[in-house]
Amino acid sequence: MTKENETRSYPMSDADLGKTAMGLVTTIKRDATEFATRNITATEVASFETMADDFNNTPTDEELVGELKDATDTKNKTMNDIKVAIRPIRNMADLAFKGKGKYSSFAFKDMDSMNDFETFKLATRVVRVGTKHLAELTSQGLTQSQLAALQTLANLLFSQMEVAEDKAENRDIETQNRVQKGNTLWDKMVTLASIGKSLYADTNPAKYNDYVLITTPPPPPANPAETPKA
């Protein structure tokens, strides 16, 4: 059974959640004596702080996207290097075989629009077919070292494709991991904030407000044109 993606239960960004959590830690420590009356011990506060730290240290999506972009850019450069290396070989094969027969076995068609895997397969095929017909292509300037260099590029591209795929998968995994941690952290924050509000609801409005996790912005001013005259 496929596991469904977990969605955020917290009504704010990851950055705001982490910041709000650390602010709540500080506030609870300030009010430790009162929280002790609700069996919230220093050990439990420390555990909550560790939870908040762990969330804040989880890789952000910006970091993961940056890593994926770097891997993709590296892979794309190698793809381009492969196509640059193949173009002269294509010309050699065209001149040697008059664009027919053995030339067709290289399958150069649409090379410039090929994706990463298609480019990898083309490179390995050019090496294989080029090696098979090397004797006939030598007069056009093709060398074994040229084919070996192309094979090296193909191997490099394949490894870079795997790295890029791993980065993409890791981003998906870490995104779910971050959401799960955030939801757990938010649940704990809601519980502790509720205790804090109950402690000061009738005694200290300022401290009560310190435990309000989400503040509703005031409504925008009325449009003067729509305000009825007195």
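Key figures
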item: Average accessible area per residue (Å²) across the chain - probe 1.4 Å, nucleic acids and ligands excluded; result: 61
item: Inter-part distance where the range 22-69 and the range 166-214 are each reduced to a Cα centre, Å; result: 9
item: GNM result for the chain, Cα springs below 10 Å: residue of Asp81, Asp16, Asp202 fluctuating most strongly; result: Asp202
item: Choice from Asp110, Asp31, Asp172 showing the highest fluctuation, given a GNM over the chain with Cα pairs closer than 10 Å; result: Asp110
item: Two-site label geometry, Ala107 and Asn91: point separation in nm, points 7 Å out along Cα→Cβ; result: 2.5
item: Fluctuation leader among Thr78, Thr43, Thr58 - the chain, Gaussian network, Cα springs under 10 angstrom; result: Thr43
item: Cα-based Lys proximity count in the range 1-103, under 20 Å, for pairs eight or more positions apart or on separate chains; result: 4
item: Shape call, the range 1-40: gyration tensor on alpha carbons, a/c limit 1.5; result: oblate
item: The range 121-164, accessible surface, carbon-and-sulfur percent (1.4 angstrom probe); result: 61
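The values are calculated or read from the model by the stated rules, or taken from the named source; none is laboratory data. Bear in mind that the values here come from a model prediction, so they are computed numbers and not experimental data. Please note: Cβ atoms are built from the backbone with ideal geometry, for glycine as well, and neighbour counts cover all protein chains shown. When the accessible area is computed, the model is the full protein with side chains, heavy atoms only, and any ligands, DNA or RNA have been set aside. Shrake-Rupley method; radii C 1.70, N 1.55, O 1.52, S 1.80 Å.
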